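One structure is given here, and the rest of the page talks about it.
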Amino acid sequence: MTELEYILDAWPMLRGKGPDVWATFAHVLLDKGKGVEAFTLALAAHEHPDCGNRDRALARFVLNAGVPGWHWDLVRDKARNAAYETALRRVVRSDSLVLDIGAGTGLLGLLALRAGAGHVVSCEMNPSTARMAAVIARANGVADRLRIISKKSTDLILGSDLERPADVIVSEIVDNTLLAEETLLTHRDAVPRLLQPSGHVIPGDGAIMVALGHDPTLVHRRMGMHEGFDLSAFNILASASYKVPVGTPGLHLLTQPVPLFEFAFDKPGSWPGNLADVDVTVQAGGTANSIIQWIRLTLDRSGVEGSVYEAKPGPGRKSCWAAMSWPLNTPLALTAGENRRIAGRRTDSKVTIWLAD
């Protein structure tokens with residue numbers, strides 16, 4: 001029995017109906033928390049030959065539910081893609097079993113196969129995303145070698161979902177702060193449980209980079225005098241940090257960049273503690289109004305060109321990841337050569353950054 005037949009058995013009033021009823025009822029299922037069934041019905045409506053524009057729009061609303069918009073940015077980042085493929089080509093062999101954690105579109109799994117891997121298992125916790133990754137695998141003729149499993153990696157069962165420990169674990173489960181997509185929790189579980197003792201992890205290392213700098217967008221994110229009234233007290237409710245595209249005009253660093261936290265993803269026992277502080281040296285005098293933070297990924301430790309991907313801010317730079325701006329309480333006049341200290345606290349999924357007293 002197919003998933004659509006299961007739904008039609010469960011809700012027999014849908015039998016014999018067209019895509020208009022299916023698309024509408026998919027919204028009902030979504031509101032009731034039945035996301036998998038809602039997706040299946042919406043997809044069936046969308047692919048129905050009689051589906052019109054109205055019904056297609058209704059179906060797309062359900063199909064998009066819970067699917068982050070950054071997927072479309074990730075696949076267009078050629079530098080990111082090239083760094084991953086280069087790292088994969090260094091470690092995979094024809095008999096390699098690759099575990100791709102966080103399949104998304106399935107791109108990393110496809111790159112692993114093109115790099116020469118024998119078989120790839122990709123896990124994806126979002127059922128809608130997992131379904132389309134499987135469609136993409138079939139469309140590219142590799143469904144026999146790229147298996148998509150709709151599960152979190154922590155729920156994978158060795159011996160059934162994964163026939164044996166993987167030779168390579170590849171993932172892209174980092175956000176602009178590195179930690180918010182549970183990358184530490186995931187690797188803490190996967191490395192000892194799902195990877196061969198001699199296996200490889202891509203990326204090998206991740207760092208949370210920081211520097212003092214000037215953020216030209218801050219003026220639009222804080223209140224002052226408006227219509228003759230002082231509204232600045234409201235700023236205490238503002239977010240402690242926010243995203244800034246790395247190529248934002250006027251965004252620049254005043255100190256040298258340094259890593260605040262560094263993680264060897266294949267060695268969970270070596271990870272740093274929850275508190276850290278680092279000295280930064282002013283390279284150019286000026287006024288800093290923010291701590292600028294971004295991520296650096298070392299895909300492999302070969303040291304060759306292209307093995308490191310860094311979302312470092314700068315003129316004309318582009319990245320699928322943004323920098324994070326952590327505004328200072330008050331602007332800070334800096335003189336070239338002086339030192340300042342940046343501090344931070346991290347959990348497994350969150351980082352907080354401030355200027356040390």
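Observations on the structure shown:
- Taken over segment 150-176, the criterion of being assigned to a strand (DSSP E or B) and open to solvent by 20 Å² or more (accessible area, probe 1.4 Å) is satisfied by L158, D167.
- Options D50, D55; residue that is free of Cβ contacts under 8 Å to residues at least 60 places away in the same chain, surrounded by 14 or more Cβ atoms within 10 Å (Cβ to Cβ), of a type in the set (D, E, K, R) and over 30 Å from R317 (Cβ atoms): D55
- Taken over segment 261-298, residues that are open to solvent by 10 Å² or more (accessible area, probe 1.4 Å), not hydroxyl-bearing (S, T, Y) and not in a loop (DSSP other than H, G, I, E, B) amount to 12.
- Residue within segment 302-310 that is in contact with an Asp or Glu (Cβ under 6 Å, 6 or more places away or on another chain), crowded, with 16+ Cβ neighbours inside 10 Å and modelled with pLDDT of 95 or more present: no
- The residue that is surrounded by the most Cβ atoms within 10 Å (Cβ to Cβ), among those in segment 110-137 that are in a helix (DSSP H, G or I) and in contact (Cβ under 8 Å) with a residue 40 or more places away in the chain, is A112.
- Pairing each residue of segment 13-36 that is farther than 16 Å from P49 by Cα and free of Cβ contacts under 8 Å to residues at least 60 places away in the same chain with any residue that is part of a loop (DSSP other than H, G, I, E, B) and open to solvent by 50 Å² or more (accessible area, probe 1.4 Å), provided the two are 6+ apart or on different chains, yields C-beta distances under 8 Å for F25/W11.
- Selected residue (criterion: farthest from P313 (Cα to Cα)) from residues of segment 189-209 that are out of contact with any Ser or Thr (no Cβ under 9 Å at 6 or more places or on another chain) and aliphatic (A, V, I, L, M): L195
- For the criterion of being closer than 27 Å to R147 by Cβ and either open to solvent by 50 Å² or more (accessible area, probe 1.4 Å) or in a helix (DSSP H, G or I) (or both), D95 passes.
- Taking segment 15-41 as the range and being surrounded by fewer than 17 Cβ atoms within 10 Å (Cβ to Cβ) and of a type in the set (A, V, I, L, M) as the test, the residues that pass are V21, V28, V36.
- One residue from E182, E227 being open to solvent by 50 Å² or more (accessible area, probe 1.4 Å), within 28 Å of A83 (Cα to Cα) and not basic (K, R): E182
- Counted residues, segment 3-43 - those being in a loop (DSSP other than H, G, I, E, B) and closer than 23 Å to E124 by Cα: 3
The values are calculated or read from the model by the stated rules, or taken from the named source; none is laboratory data. Please read all numbers here as calculations on a predicted model, not as lab measurements. Ideal geometry is used to build each Cβ from the backbone, glycine not excepted, and the neighbour counts take in all protein chains shown. Each accessible area value is taken on the protein alone, full model and side chains, heavy atoms only, with ligands, DNA and RNA left out. Shrake-Rupley method; radii C 1.70, N 1.55, O 1.52, S 1.80 Å.
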